[in-house]
Amino acid sequence: MRGGMRGNMAGKVLLEIRHLKKYFDGQEILKDISLTVREGEVVSVIGPSGSGKSTLLRCAAMLEKMDAGELAYMGERAAYEAQGRCIYAPKEDLRRIGRRFGLVFQNFNLFPHYSVLKNVMDAPVTVGHLSKREARERAEQLISRFGLADKKEAYPCQLSGGQQQRVSIARALAMQPKLLFFDEPTSALDPELTGEVLKVIKELAKEKMTMIIVTHEMQFAKEISDRVIFLEKGEILAEGCVEEVFSSGQARIQDFIGKVTH
Amino acid sequence: MQGWMEFWDNFIVMLPQLTEKFGVTVSIFVLTLLFSLPLGLLLAFGRMAKNGLLCLMSKIYISVMRGTPLMLQLVIVYFAPYYVFGIKITNSWRFGAVILAFVLNYAAYFAEIYRSGIASIPVGQYEAAKILGYTRGQTFGKIILPQVVKRILPPVTNEMITLVKDTSLAFVLAQVEMFTVAKQFAASQASVMPLMVAGVFYYFFNLLVASLMEYVEKKLNYYR
Ligand SMILES: Nc1ncnc2c1ncn2[C@@H]1O[C@H](COP(=O)(O)OP(=O)(O)OP(=O)(O)O)[C@@H](O)[C@H]1O
Ligand SMILES: [Mg+2]
């Protein structure tokens, strides 16, 4: 409930998905999904298990190929439809476009053989061609900001889940993406550890980081979202500001929210 | 008493020669590893290739190399230049043929080890790297391979220990190494003592190999 929605309508379009379709084994998992995300917006994606939330994020992050539709970041097309097929831009273009977003995974996927510091600074050096000194400065800043300064020499296996997830958020931010995807960032965590991760995400929201968050934490979604998308069976059943979706008259949505919060 | 003296004399005569030819044993071991470890990785790539033909060829190669005796492979490699290209086989080819046959054979075993190691890395590691913008080469070199190396150390150590003992097969091509010398002494002295001594050599060599690998394993134990 950030109420910044109206102001953001004027914001630059960062992500545009149009008529996305995705099949797995001949089954339509995403059915004609269209979605626009503007700079500074926080969008939550909620919905029952198996509704296609992860698949939607993975298609947007190009970990999964779309079967139909269009995908564009900041007006630049990553994929478009031609002759009934989905055509992706050349590899170099995709690589450049890919720099505009980051993704935080449910199970962190930190690099186990790298220390916390190296996890956060390696991509900026290897991919971003930052000098080691600059990358280290940036990484150390992020690490201490997330309360992990004393852990920077530790290895992921020596950290709690909550700490690991904070490192993985720092790792994503170190590449300075315009937009950050989260796929159930707290689902793999013990309840007492989710708070510390949600707090970090809330801080990012305050700083107007553009984010798309798949989550089962309804209270959290309510607090931070400009917009909520309710997905069911591969379709957007409801989309709008927090009040609109959470107090929607649709029985399915009430049913789901009731189940998750009780 | 006299028996002991004789034993000792024989031992003293034999030891320098065994030691000298132990150098050949070690060279076979080192050169085989040096070439078969990288070749095995290439072969593993072939085996995992999307290209059906490449994959099939690698598969057949690995299956044949693992499914036929190394002894036979030694003979085939040794005579191949003559039968295939009509090149006259000279003495200098002997050692080269031994190394080539060992390399071709061990690469097949290493390929399967690499393959299972690579397959055991969670797909999330590739995805995380891809999202961060690593190229495929960077992902493999910086993220995947280091983790694979750690995971495959135990089976690779096994193969290395087998290799130490397999070096004695070089006798098939009349390549004189330590065990050949030991056998010659055993025959001339009508005693198994030289063979036992050779066994002691192998054992300590393997002890060294195993400790070295254990040390590397410990070094890589800083993460799980
Ligand atoms: N790689 C895949 N191969 C085949 N089917 C898949 C694959 N990935 C997902 N699916 C199917 O697609 C559907 C949507 O899956 P998805 O993971 O997107 O759901 P979700 O909304 O994220 O669920 P959850 O809340 O449990 O994470 C499911 O029916 C799932 O079985
Ligand atoms: Mg999911």
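In this label model, B:VAL176 and B:LYS88 are separated by 2.4 nm, measuring between points 7 Å along each Cα→Cβ vector.
Rolling a 1.4 angstrom probe over the protein assembly as shown with all protein chains present gives an accessible area of which 58% lies on carbon and sulfur atoms. The mean accessible area for residues of region B:38-92, using a 1.4 Å probe and ignoring ligands and nucleic acids, is 69 Å² per residue. Between region B:146-224 and region A:79-125, how many Å separate their Cα centres? Here the two parts' Cα centres lie 45 Å apart. Measuring against 19 Å, Cα to Cα, the residue pairs A:LYS53/A:LYS118; A:LYS132/A:LYS152; A:LYS208/A:LYS259 contain A:LYS53/A:LYS118; A:LYS208/A:LYS259 as the ones spanning a longer distance.
Database remark: amide H of A:GLN176 closer than 5 angstrom to no amide H (H placed geometrically; neighbours at sequence offset of 5 or more, or on other chains; Pro and chain starts carry no H). Could you calculate the FRET efficiency of B:MET71 with A:HIS19 from 1/(1 + (r/R0)^6), where r is the beta carbon distance between them and R0 is 56 Å, rounded to 0.05? That gives a FRET efficiency of 0.30. For the peptide A:149-158, the mean number of other protein chain Cβ atoms found within 10 angstrom of a residue's Cβ is 1.
For A:VAL104, what residues show an amide H to amide H distance below 5 Å, using hydrogens built from the backbone and excluding near sequence neighbours? Placed amide hydrogens put A:PHE181, A:PHE182, A:ASP183 under 5 Å from A:VAL104.
Rounded, prolate or oblate: which fits chain A when a ≥ b ≥ c are the square roots of the eigenvalues of the alpha-carbon gyration tensor, with rounded for a/c under 1.5 and prolate only if a/b beats b/c?
In terms of gyration-tensor shape, oblate.
Near A:SER160, once Lys and Arg are set to +1 and Asp and Glu to -1 for all other residues with Cβ below 11 Å from its Cβ, the sum equals -1. Take every Cα pair under 8 Å whose residues are at least 6 apart in sequence, average their separation, divide by the length of chain B, and the relative contact order is 27 percent. Scanning chain B for long hydrophobic helices, with DSSP H runs required to stretch 20 angstrom or more by C-alpha along their axis and to average at least 0.5 on the Kyte-Doolittle scale, returns B:2-48, B:52-67, B:70-85, B:93-119, B:193-219. Using the 1.4 Å probe convention, the accessible area of region B:98-150 works out to 33 Å² per residue with neighbouring protein chains retained. The spacing between region B:83-135 and region A:183-231, judged by their C-alpha centroids, is 46 Å. Calculated translational diffusion coefficient of region B:2-220 (37 °C, 0.692 mPa s; Stokes-Einstein with Kirkwood radius over alpha-carbon pairs) equals 167 µm²/s.
Taking a quarter of the surface of the Cα convex hull of region B:96-173, what do you get in nm²?
Values: hull surface 23.9 nm².
If I average the Cα hull's projected area over directions, I get 6.0 nm².
The residues of chain A expose on average 44 square angstrom of accessible surface per residue, using a 1.4 Å probe on protein heavy atoms.
Total lysine pairs in region B:2-220 at Cα distances under 21 Å, for residues eight or more apart or on different chains: 11. Legend: P(r) of the protein assembly as shown from all alpha carbon pair distances, 10 Å bins from 0, whole percents, reading 4, 16, 21, 18, 13, 11, 8, 6, 3, 1, 0.
The values are calculated or read from the model by the stated rules, or taken from the named source; none is laboratory data. Since this is a predicted model, take the numbers as computed values, not measurements. Note that each Cβ is placed from the backbone with ideal geometry, even for glycine, and that neighbours are counted across all protein chains shown. Note: accessible area is taken over every heavy atom of the protein model, side chains too, but ligands, DNA and RNA are not part of it. Shrake-Rupley method; radii C 1.70, N 1.55, O 1.52, S 1.80 Å.
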